[in-house]
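Here is the structure we will look at.
The values are calculated or read from the model by the stated rules, or taken from the named source; none is laboratory data. Computed from a prediction, not measured in an experiment: that's the story for all the values here. Counting neighbours? That spans all protein chains shown, and the Cβs are built from the backbone with ideal geometry, glycine included.
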Amino acid sequence: MKTLLAVAALGLGGMGLASAQFVAPKGPRQPPIVHEPTVQRPTVEGIVTEIFTVKKPWQLVNPLAPKSYGDGRHTVSYSEKEPGKPKGFILFAIDW
């Protein structure tokens, strides 16, 4: 009877140890991903800013400039009441 209790105690104890084992993951641990709020920076646009970004700024006022330099529609302000009707040129604009 004592031997039966000893075997049962060892058997139950061994099962408890086997179920409590933990295997560590292999490889380096990855740092947690932190999602920071994105900050929208203002955009600066207009004719004045384009003068400093273009290689040949004199082509901005050349009516016979090649089409590869663009048509200038992004530097024109249009009327909200009448779509398609130009209102004026955008010299310098900060868009939030």
Check: So is Thr3 exposed (fewer than 10 other Cβ atoms within 10 Å of the Cβ) and at pLDDT below 75 or not?
Finding: yes
Check: Out of all the residues in the range 75-90, which are loosely packed, with under 11 Cβ neighbours inside 10 Å and either in a loop (DSSP other than H, G, I, E, B) or touching a residue at least 40 places away in the same chain (Cβ under 8 Å) (or both)?
Finding: Glu80, Lys81, Glu82, Pro83, Gly84, Lys85
Note to self: Could you check the range 34-71 and list, in sequence order, the residues that are within 15 Å of Ala93 (Cα to Cα) and assigned to a loop (DSSP other than H, G, I, E, B)?
What the structure shows: Arg41, Pro42, Gly46
Checklist line | Near pairs, Cβ below 9 angstrom, 6+ apart or cross-chain, from the range 41-54 (closer than 14 Å to Val76 by Cα and free of Cβ contacts under 8 Å to residues at least 60 places away in the same chain) to any residue that is surrounded by 10 or more Cβ atoms within 10 Å (Cβ to Cβ) and hydroxyl-bearing (Ser, Thr, Tyr) | finding: Glu45/Thr75; Gly46/Thr75; Ile47/Thr75; Glu50/Thr75
Note to self: Here are the criteria: (1) within 25 Å of Trp96 (Cα to Cα); (2) over 25 Å from the mean Cα position of the chain (by Cα). Tell me which single one Gln40 does not satisfy.
What the structure shows: (2)
